[in-house]
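Here is the structure we will look at.
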Amino acid sequence: MGTRADSPFGAELRALRLAAGLSQEALAERAGISTDAVAALERGRRRHPRPATVHALSDALGLDTAAARLQAARHRRTELPGTLPEPVRPIIGREREQGDLVDLLTGPARMVTLTGPGGVGKTRLALAVARQLAGTGEVSAHWVWLGAVSDAALVPTAVATAVGAREAPDLDLVAAVLDRFDGMPAVLVLDDCEHLVAAAAAWCAELFTRSRQVRVLATSREPLGVPGEVLRPVPPLPAPATGADVAPETLGDWPATRLFLDRAHDAVPDLAVDDATADSIARVCRGLDGLPLAIELAAARTDALTAGQLAADLETSLRTVVAGPRAGPNRHRTLDAAIAWSHDLLAPAERALLARLSVASGGWTLDAAQHLAAGGAVDPADVLELMTRLVRKSLLVLAVRDGLGRYGMLRVIRLHVAERLAASGEAAAVRERHARYYTDLAERAAAGVRGPDQRDWLQRLDADVDNLRAALRYWHDVGAADEGLRIATAVWRFDYLRGRYTEGRDVLDAALRVAAAAPDADPVLRAGALVAAGTLAYLQCEYETGARYIRDGLVLFRAAGAVAGMADALQRLGSIARERGAYPEAVALHEEGLTLWRAAREPAGVADALNYLAFAAWLTGDWARCEELATDALAQQRGSVESESAAWALLNLGIAARYRGAAARADALLRECLELCEKLGYAEGTAWSLDQLGALARDAGRLDRAWELQQQSLAMHVRIGDRWRAASVLDGLAATAARRGRQETAARLLGTSDALRASIGTPRPPCERDQYEAAVAAVTAALGVERYAELASVPRPERMLARLAAAADRAG
């Protein structure tokens with residue numbers, strides 16, 4: 001996790017300061033502001049100084065050009081965060097709507113909702129507007145796709161994830177999103193809200209009570225009902241009316257026919273258009289009511305059918321669909337007509353494949369398609385060719401990343417073909433195949449993340465998280481307790497490594513509830529889920545809950561003679577004892593687990609146990625023992641250094657080197673650890689590495705750098721819910737603050753750490769006590785006992801911790 005790139009203002013300020021021959025301290029003194037403020041502006045941690053600050057700096061620099069250059073730089077904003085997908089195709093025929101929406105969102109409207117039927121182009125228009133706003137350099141723009149979110153409770157999580165914020169147990173997600181924006185103007189595109197109207201509306205209402213800097217552009221088939229919401233129906237594209245004088249040279253006059261021509265030239269680059277073809281294109285666009293999606297589907301067929309054939313087939317199919325037994329509003333039936341028409345043109349194998357693929361959520365790989373969609377009319381060997389055809393016909397989309405293809409389906413198409421699947425009587429069987437495939441994938445990944453290919457497996461799980469959730473829902477829906485336990489237990493380490501402790505616990509708790517109602521549930525599977533749930537609980541410092549779960553799991557593992565399960569449970573209990581300061585008990589449990597891992601011949605387990613023992617030696621200050629054990633743990637990796645266990649070994653070795661005075665070795669090891677953790681996406685390891693690199697910087701007298709790194713570490717620990725380690729980072733920050741002369745800040749940090757430890761019932765580790773006592777002594781000497789006691793009194797440490805973490809996020 002690095003620092004922000006320089007802001008335009010920061011870069012200009014630094015250049016002017018150097019030209020004036022001033023240090024940061026000298027400039028700060030002349031301008032009457034703090035040295036920290038100057039440093040924060042230059043480094044881009046503060047990107048938008050107040051006008052008064054700009055004037056003070058201009059005067060202090062003493063250069064004729066300073067004021068003009070700083071004012072100009074203040075208004076240049078670059079590298080604003082954003083999460084908009086790149087446009088696949090240019091938008092056609094929406095120039096007026098796009099301009100009106102930009103005016104609305106830069107004016108008084110805080111929320112605009114685009115309404116209309118599926119396939120009318122709401123998403124594409126919303127993204128075009130967002131890109132135009134982002135292109136000004138004054139606004140960050142973010143796309144939040146809610147189409148794959150089926151649970152209303154997950155709307156806040158989906159928004160936070162999309163904008164790059166992370167959830168924290170004691171920080172609500174609206175605050176996390178606003179902290180991510182850092183006070184900058186932002187526009188959120190909430191896409192596909194129609195199935196989550198109430199939840200999306202509640203989230204927006206809460207957002208608007210807290211910030212006037214954020215605008216929302218939503219897409220939905222119906223209004224969200226948020227106070228102040230501005231509705232903008234998205235109309236179909238204008239098409240030639242019946243009897244209009246249509247000719248090849250006039251097709252570009254209507255947006256609908258212009259869109260058809262653009263997409264048809266993709267399918268047939270040398271498409272010839274005569275008068276009859278122009279008339280047929282007009283009939284197709286008119287018959288499809290000007291719906292962009294339907295027009296694109298029709299145009300994609302021109303590689304196989306003439307425009308005249310399309311027009312004839314379309315009219316027949318439209319009459320059949322509209323006159324059929326399908327119920328629902330006209331806007332739904334209109335889109336269904338377009339999709340049904342395109343669907344009916346498919347070969348039987350294409351239809352069967354498309355319907356079966358509708359059970360996938362968030363995309364799928366070729367391997368997944370071959371497993372869940374083959375059978376009957378679909379030969380497994382033909383799946384790739386069939387999907388290629390469906391991509392060409394715009395019924396599937398293909399994204400290539402790192403040389404691998406991943407397929408997806410537009411939601412409106414997926415809904416339609418899912419109904420076809422249900423009508424075929426195959427839905428239950430295909431859903432079960434889907435659930436079995438992704439359960440098997442999760443179990444293969446659970447083994448993979450313990451080995452040398454950990455990074456690859458984690459990336460695969462990242463891509464398939466929606467499918468994993470869908471599989472879990474299926475097993476719960478059908479009451480399959482064992483299968484639900486299998487997949488929940490298989491993915492827990494993924495949630496742990498990604499820092500999603502709360503989500504992982506929720507998944508495991510749901511599986512355990514289903515299992516509790518099934519007397520024949522496999523006790524070993526239940527034991528694994530109990531130990532996993534207990535581990536995530538203790539990682540969030542809920543020690544009693546965690547220990548109870550793990551002990552229950554250990555009893556079941558012992559009864560079954562499951563050696564690896566017993567070893568894992570003992571390691572987790574040892575970790576709880578370690579954090580609670582019972583070091584002899586922790587060492588005994590870790591050593592018992594190590595013996596079992598060795599008996600089971602599990603190198604990954606042996607490496608973990610050695611790292612846990614090294615950790616205990618670290619906390620008690622036995623640096624020689626820590627180094628010895630960590631070296632053995634690293635040797636267990638058998639040449640692979642891209643794993644969580646290797647990261648912990650590097651961290652243990654780096655800390656031992658630091659405490660033993662080998663600063664250069666410590667720096668190299670800790671940097672290697674940080675690089676590995678960031679590469680893996682290992683949240684906890686990244687947070688630990690940043691903290692220890694900060695401590696090393698403090699040792700070397702680089703106090704600004706120490707403060708910056710440890711602030712980043714604190715924010716990450718708070719996000720994942722690790723209050724035990726957050727308390728240690730607070731002590732480190734206090735030590736840095738005391739050395740910077742910020743004694744009152746140091747007192748508050750020390751008090752927060754003390755109160756936090758008291759609230760979770762954990763002592764300060766022996767290796768950290770000297771640092772703590774030295775900081776307290778320095779602060780007390782500077783402030784006096786009474787003032788220190790006053791500042792260090794923190795009755796609500798969780799709230800203070802959340803505030804500190806939010807401030808750290810903004811600074812970082």
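The values are calculated or read from the model by the stated rules, or taken from the named source; none is laboratory data. Note that this is a predicted model, so its numbers are computed, not measured. So basically every Cβ, Gly included, is an ideal-geometry build from the backbone, and we count neighbours across all protein chains shown. SASA here: full protein model, heavy atoms, side chains in, ligands and nucleic acids out. Shrake-Rupley method; radii C 1.70, N 1.55, O 1.52, S 1.80 Å.
Taking the criterion of being in a helix (DSSP H, G or I) and free of Cβ contacts under 8 Å to residues at least 40 places away in the same chain, would at least one residue in the stretch 225-246 satisfy it? Spell out the reasoning first.
Looking only at the stretch 225-246, we keep the residues that are in a helix (DSSP H, G or I), and these are none.
The answer is no; no qualifying residue exists.
Tell me which residues, restricted to the stretch 475-496, are farther than 26 Å from residue 680 by Cβ and open to solvent by less than 40 Å² (accessible area, probe 1.4 Å).
Applying the first criterion (farther than 26 Å from residue 680 by Cβ) to the stretch 475-496 yields 475-485.
Result: 475, 480, 481, 483, 484, 485.
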If I ask for residues that are surrounded by fewer than 18 Cβ atoms within 10 Å (Cβ to Cβ) and in contact (Cβ under 8 Å) with a residue 24 or more places away in the chain, which ones from the stretch 419-429 would you list?
424
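Return the residue satisfying two criteria in turn: it lies in the stretch 441-450 and is out of contact with any helix residue (DSSP H, G or I) (no Cβ under 7 Å at 6 or more places or on another chain) and open to solvent by 10 Å² or more (accessible area, probe 1.4 Å), and of such residues it is modelled with the lowest pLDDT.
At the first step, the residues of the stretch 441-450 found to be out of contact with any helix residue (DSSP H, G or I) (no Cβ under 7 Å at 6 or more places or on another chain) are 441, 444, 447.
This time we only want the ones that are open to solvent by 10 Å² or more (accessible area, probe 1.4 Å), so: 444, 447.
Details: 444: 92, 447: 86.
The qualifying residue modelled with the lowest pLDDT is 447.
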Checked 734, 747 against criteria (touching a Ser or Thr at 6+ places or on another chain (Cβ under 9 Å), under 23 Å from residue 618 (Cβ atoms) and either hydrophobic (A, V, I, L, M, F, W, C) or surrounded by fewer than 18 Cβ atoms within 10 Å (Cβ to Cβ) (or both)); the one match is 734
Can you confirm whether residue 432 is part of a helix (DSSP H, G or I), within 30 Å of residue 484 (Cα to Cα), open to solvent by 50 Å² or more (accessible area, probe 1.4 Å) and at pLDDT below 90?
no
On the given criteria, is residue 438 buried (at least 20 other Cβ atoms within 10 Å of the Cβ) and more than 29 Å from residue 605 (Cα to Cα)?
no
Could you check how many residues of the stretch 451-474 are open to solvent by 70 Å² or more (accessible area, probe 1.4 Å) and under 22 Å from residue 606 (Cβ atoms)?
3
Those residues of the stretch 278-295 which are open to solvent by less than 30 Å² (accessible area, probe 1.4 Å) and not hydrophobic (A, V, I, L, M, F, W, C) amount to 280, 287, 290, 292
Mind checking whether some residue in the stretch 526-545 is charged (D, E, K, R), under 28 Å from residue 757 (Cβ atoms), surrounded by fewer than 19 Cβ atoms within 10 Å (Cβ to Cβ) and within 33 Å of the chain's Cα centre (by Cα)?
yes
Inter-residue pairs, beta-carbon under 6 Å, first among the aromatic types (Phe, Trp, Tyr) and in the stretch 582-601, second open to solvent by less than 30 Å² (accessible area, probe 1.4 Å), 6+ apart
583/616; 597/567; 597/605; 597/606; 597/609
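Of 85, 81, which residue is part of a loop (DSSP other than H, G, I, E, B) and either exposed (fewer than 14 other Cβ atoms within 10 Å of the Cβ) or modelled with pLDDT of 70 or more (or both)?
On the way: 81 fails: either exposed (fewer than 14 other Cβ atoms within 10 Å of the Cβ) or modelled with pLDDT of 70 or more (or both).
That would be 85, the only listed residue that is part of a loop (DSSP other than H, G, I, E, B) and either exposed (fewer than 14 other Cβ atoms within 10 Å of the Cβ) or modelled with pLDDT of 70 or more (or both).
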What are the pairs with Cβ atoms under 7 angstrom where one residue, in the stretch 114-142, is on the phi < 0 side of the Ramachandran plot and of a type in the set (Val, Ile, Thr) and the other, located anywhere, is surrounded by fewer than 19 Cβ atoms within 10 Å (Cβ to Cβ) and in a helix (DSSP H, G or I)? Sequence gap at least six, or different chains.
129/98; 129/102
Going residue by residue through the stretch 719-729, is there one that turns out to be within 20 Å of residue 39 (Cα to Cα) and open to solvent by 10 Å² or more (accessible area, probe 1.4 Å)?
no
Considering the stretch 445-467 alone, what residues qualify as being of a type outside the set (Gly, Ala, Ser) and within 27 Å of residue 418 (Cβ to Cβ)?
460, 461, 462, 464, 465, 466, 467
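Select the helices (runs of 4 or more DSSP H) contained entirely in the stretch 691-771, then report the ones holding at least 3 residues which are within 32 Å of the chain's Cα centre (by Cα) and among the polar types (S, T, N, Q).
In the stretch 691-771, 703-720, 743-760 are the helices (runs of 4 or more DSSP H) which contain 3 or more residues that are within 32 Å of the chain's Cα centre (by Cα) and among the polar types (S, T, N, Q).
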Starting from the stretch 299-322, keep only residues that are closer than 14 Å to residue 393 by Cα, then list their pairs with residues that are modelled with pLDDT of 80 or more and basic (Lys, Arg) whose Cβ atoms are within a distance under 9 Å, requiring at least 6 positions of separation or different chains.
299/263; 300/263; 302/263; 310/283; 310/301
Scan the stretch 191-215 and report the pairs whose first residue is touching a residue at least 60 places away in the same chain (Cβ under 8 Å) and whose second residue is of a type in the set (A, V, I, L, M, F, W, C) and open to solvent by 20 Å² or more (accessible area, probe 1.4 Å), with Cβ atoms within less than 7 Å and a gap of 6+ or a chain change.
191/143; 191/145; 192/145
Conditions (1) at pLDDT 80 or above; (2) more than 21 Å from residue 806 (Cα to Cα); (3) not hydroxyl-bearing (Ser, Thr, Tyr) -> residue 75 fails only (1)
Answer with yes or no whether residue 180 is outside any strand (DSSP E or B), within 29 Å of residue 722 (Cβ to Cβ) and out of contact with any Lys or Arg (no Cβ under 7 Å at 6 or more places or on another chain).
yes
Matching residues in the stretch 227-243 (over 15 Å from residue 108 (Cβ atoms), of a type in the set (A, V, I, L, M) and open to solvent by less than 40 Å² (accessible area, probe 1.4 Å)) number 3
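Within the stretch 618-675, can you find the residues that are of a type in the set (Ser, Thr, Tyr) and open to solvent by less than 30 Å² (accessible area, probe 1.4 Å)? Outline the logic, then answer.
So in the stretch 618-675, the residues of a type in the set (Ser, Thr, Tyr) come out as 620, 631, 640, 643, 645, 659.
640, 643, 645 - these are the residues of the stretch 618-675 that are of a type in the set (Ser, Thr, Tyr) and open to solvent by less than 30 Å² (accessible area, probe 1.4 Å).
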Would you check which residues across the stretch 140-161 are under 30 Å from residue 92 (Cα atoms) and at pLDDT below 85 and list them?
147, 148, 149
Could you please give the count of residues in the stretch 556-573 that are in a helix (DSSP H, G or I), surrounded by fewer than 20 Cβ atoms within 10 Å (Cβ to Cβ) and out of contact with any Gly (no Cβ under 8 Å at 6 or more places or on another chain)?
4
Just the residues that are at pLDDT below 90 and aliphatic (A, V, I, L, M), please, taken from the stretch 717-740.
718, 720
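Looking at the stretch 361-398, which of its residues are in a strand (DSSP E or B) and either open to solvent by less than 60 Å² (accessible area, probe 1.4 Å) or over 30 Å from residue 87 (Cβ atoms) (or both)? Don't jump to the end; show me each part of the working.
In the first step, residues of the stretch 361-398 are kept if they are in a strand (DSSP E or B); the result is 364, 375, 378, 397-398.
364, 375, 378 - these are the residues of the stretch 361-398 that are in a strand (DSSP E or B) and either open to solvent by less than 60 Å² (accessible area, probe 1.4 Å) or over 30 Å from residue 87 (Cβ atoms) (or both).
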Subset of the stretch 628-657 [part of a helix (DSSP H, G or I), charged (D, E, K, R) and modelled with pLDDT under 95]
632, 644
Quickly run through the stretch 268-282 and pick out the residues that are over 19 Å from residue 92 (Cα atoms) and assigned to a helix (DSSP H, G or I).
275, 276, 277, 279, 280
Taking the stretch 177-219 on its own, how many of its residues are open to solvent by less than 10 Å² (accessible area, probe 1.4 Å) and at pLDDT 85 or above?
17
